[in-house]
Amino acid sequence: MTDPRDDIARQMEPIARRLLGEPNEALSSEGELRFGNHGSMAINLQTGCWFDHERGVGGGVLALIKDVTGVDGRTWIERNGFEAERAAPRKANGRQRAPLGKIVATYPYRDANGELLFEVLRYSPKNFRQRRPDRNSPGKWIWDVEGVPRVPYRLPELNEQIELGRRVVIVEGEKDADRLWGLGVPATCNAGGAGKWHDDLTAFFVGAHVVVVGDHDPQKRHQKTGDLMFHEDGSAIFAGQDHAQAVARALSGVARVRVLDLSKHWPDIPPKADISDWLALGHSREDLDRLLDQAEDHRQAKVLGEWDAGTDKQYLPPPRGWLLGTAFCRKFISSIVAPGGVGKSALRLAQLISLAIGRPLTGEHVFQRCRVLIVSLEDDADELRRRLRAACLHHGVAQPELEGWLFLASPGADGGKLMVPDQHGRPVVGALAGKLAATIMDRKIDICCIDPFVKSHSVEENSNSMIDKVVQILSDMAGALNCAIDLPHHTAKGQADPGNPDRGRGASSMRDAGRLVYTLTPMTPEEAQALGVSEAERRSLIRLDSAKVNIMPPMTAAKWFRLVGVEIGNETDGYPSGDNVQTVEAWSPPGLFADISVPVLNAILDDIEAGLPDGNRYSDAPNVTDRAAWRVIDRHCGKGEGPARQIIKMWVGSGLLIQHSYENPTTRKPVKGLRVDAVKRPS
């Protein structure tokens, strides 16, 4: 039987009401709640136990949670805020609760915009409860935090201080945080105290300078037996100190982290002492600054985090988190580099809509439907809507298909920057970083596109060290939040160069940080001539090439797209024609290649590369007979001489076939023949 003094058992009533709804009042009594039309589910308020008379099963609080939700009971309690409430004991009749005591402090937790998310109440005698506003009944409260985003304490002020590049102190509780703010020292904590740090909080500290100060707790003892407690590795459990180390480990990948151990600077520190107790001894703000300056850089137990490959239990790692073709992948930075006006925003929008609706619009495989966030730093909200409407109209996407999957933002100047220079020209994290991380977490975003990259920061774009810091913020964010981040980028001035990642404007560190970088260029007159495309049509065709693909083999052939103008139906009396807005659709070269599969093309190229049995090579010269390359095409797919010669000419013009000088094995004279450029083979 569940111990009635146990904290979890004493929470049976509120947990049962949450899980089962309101009881059957006619069948309930002071010591027992009955649920269902016939009262078959019985909750004993004195013992904290339940029994389902229809099924003949029962148990304690944890068993009830598991039975109703299928979730581990303790996990559910932690997620829903009940564990922190620690309900007061009941009287003997099992229904009347002893009072929690007097509320001595209320700590509001707000989102980045200052909107109240929930409150932590501190009682005397010392106790804590959490509550959230009831959105359906203003002025009333719901006594849990189910579904509420986790945020650090005093988030709006915290974001401002991180943006200014100031040192931020993370303490164990709201009282200590407020005490430090009273001295002008930025400070924060997580709700729930020691052991309650969640990964959701980590992204708020991207690029920050953090000092973690833990409480000086004695070794933890078992609640019932009083025995000293130890970790699995045999080390003693110290709640406050372990919490400080856990926070430091969580932030070490996204921020500069230092840890202050009070015991090293306070020789006679008493048990359970904290930073507020140290200040109560009469220490000044200047003393506090000197103390924080002595915090030590956080170091992991293994300096490099190395592991033994021979005993690695994760020797077979999980597959990469591909989202769309080879364009986007979780935890990686992608980019498309193109001159202004070529169509990169139109292409990216079509690709991202593909992910949002779960079906391909650009001919690329959709691995999974994704929640997409597009942050436009160049177009305003109305222009972004025009582009979206054009793409949806052309591809037959209904607006309801996007609900809950595609999110748009055009924040303008109010959004801030990822990084800005301070008054000394040093880069500091800007407001956009925190807003971006908060939105990705709140909306559960799988891929975020920031278009264009150059407008996401205000540091010197030709400085490798500066741009590296900017991209590092996004790279850390992608890893911490398990999302893909895409950064469309402008090219430098000069001639377009398909597949050249160095054509991106500004510092090369932008290119170096990306793992999936592509170029987008217009079709050239030469390409149009080789493919038999008219000059008028050529102007609407663009090609996508691998520029830098570090995590897989590069794309061996260009992908082609056509820019299409769409009347979006927004005509008015003043503008009777409305707007014509471009989108993209996949395009393939016409005629000659329409009925030739990629395997057949590669078989033809294999034969041309192998040459003739006598050691000679095939030729595209008009007067050759046995060595004529067009015969290989005719042999594989029966194209005939005319079309086959055209294909050979196209391949030579595109560089897929290249002229190679060699010695004729029969005549011993120098001649020329064709070889295949393997890099340009069709994929």
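Values for this structure:
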| read-out | value |
| --- | --- |
| Lone qualifier among Ala390, Ala398, Ala381 - being surrounded by fewer than 16 Cβ atoms within 10 Å (Cβ to Cβ), farther than 30 Å from Leu117 by Cβ and among the aliphatic types (A, V, I, L, M) | Ala398 |
| Among (1) surrounded by fewer than 16 Cβ atoms within 10 Å (Cβ to Cβ); (2) touching a helix residue (DSSP H, G or I) at 6+ places or on another chain (Cβ under 9 Å); (3) of a type outside the set (Phe, Trp, Tyr); (4) modelled with pLDDT under 90 - the single one Ala644 does not satisfy | (1) |
| Meets criteria (charged (D, E, K, R), over 45 Å from the mean Cα position of the chain (by Cα) and either surrounded by fewer than 16 Cβ atoms within 10 Å (Cβ to Cβ) or part of a helix (DSSP H, G or I) (or both)) for Glu13 | no |
| Lone qualifier among Leu316, Leu347 - being at negative phi, of a type outside the set (Ser, Thr, Tyr) and crowded, with 19+ Cβ neighbours inside 10 Å | Leu347 |
| Subset of the range 245-261 that is of a type in the set (A, V, I, L, M, F, W, C) and farther than 20 Å from Arg166 by Cβ - its residue that is surrounded by the most Cβ atoms within 10 Å (Cβ to Cβ) | Ala250 |
| Identity of the residue in the range 479-512, part of a helix (DSSP H, G or I) and not aliphatic (A, V, I, L, M), that ends up modelled with the lowest pLDDT | Pro501 |
| Restricting the range 251-294 to residues that are touching a residue at least 60 places away in the same chain (Cβ under 8 Å) and of a type in the set (Val, Ile, Thr), the residue that is nearest to Gly479 (Cα to Cα) | Val254 |
| Filter pass, Gly340 being of a type outside the set (Ser, Thr, Tyr), assigned to a loop (DSSP other than H, G, I, E, B) and either outside the structural domain of Lys435 (by TED's automatic domain parsing) or modelled with pLDDT under 95 (or both) | yes |
| The one condition in (1) part of a loop (DSSP other than H, G, I, E, B); (2) in contact with a Cys (Cβ under 9 Å, 6 or more places away or on another chain); (3) not hydroxyl-bearing (Ser, Thr, Tyr) that Leu323 fails to fulfil | (1) |
| Breaking point among (1) modelled with pLDDT under 95; (2) under 24 Å from Gly195 (Cα atoms); (3) surrounded by 11 or more Cβ atoms within 10 Å (Cβ to Cβ), for Ile275 | (1) |
| Top-ranked residue of the range 594-614 - restricted to ones that are of a type outside the set (Ser, Thr, Tyr) and within 40 Å of the chain's Cα centre (by Cα), ranked as modelled with the lowest pLDDT | Val598 |
| Residues (among the aromatic types (Phe, Trp, Tyr) and in contact with a Pro (Cβ under 8 Å, 6 or more places away or on another chain)) located in the range 640-674 | Tyr662 |
| Residue list for the range 657-683, restricted to those being surrounded by 12 or more Cβ atoms within 10 Å (Cβ to Cβ) and either part of a loop (DSSP other than H, G, I, E, B) or among the basic types (Lys, Arg) (or both) | Asn664, Lys672, Arg675, Asp677, Lys680, Arg681, Pro682, Ser683 |
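The values are calculated or read from the model by the stated rules, or taken from the named source; none is laboratory data. Everything numeric in this text was worked out from a predicted model, so none of it was measured. Cβ atoms come from the backbone with ideal geometry, glycine included; neighbour counts cover every protein chain shown.
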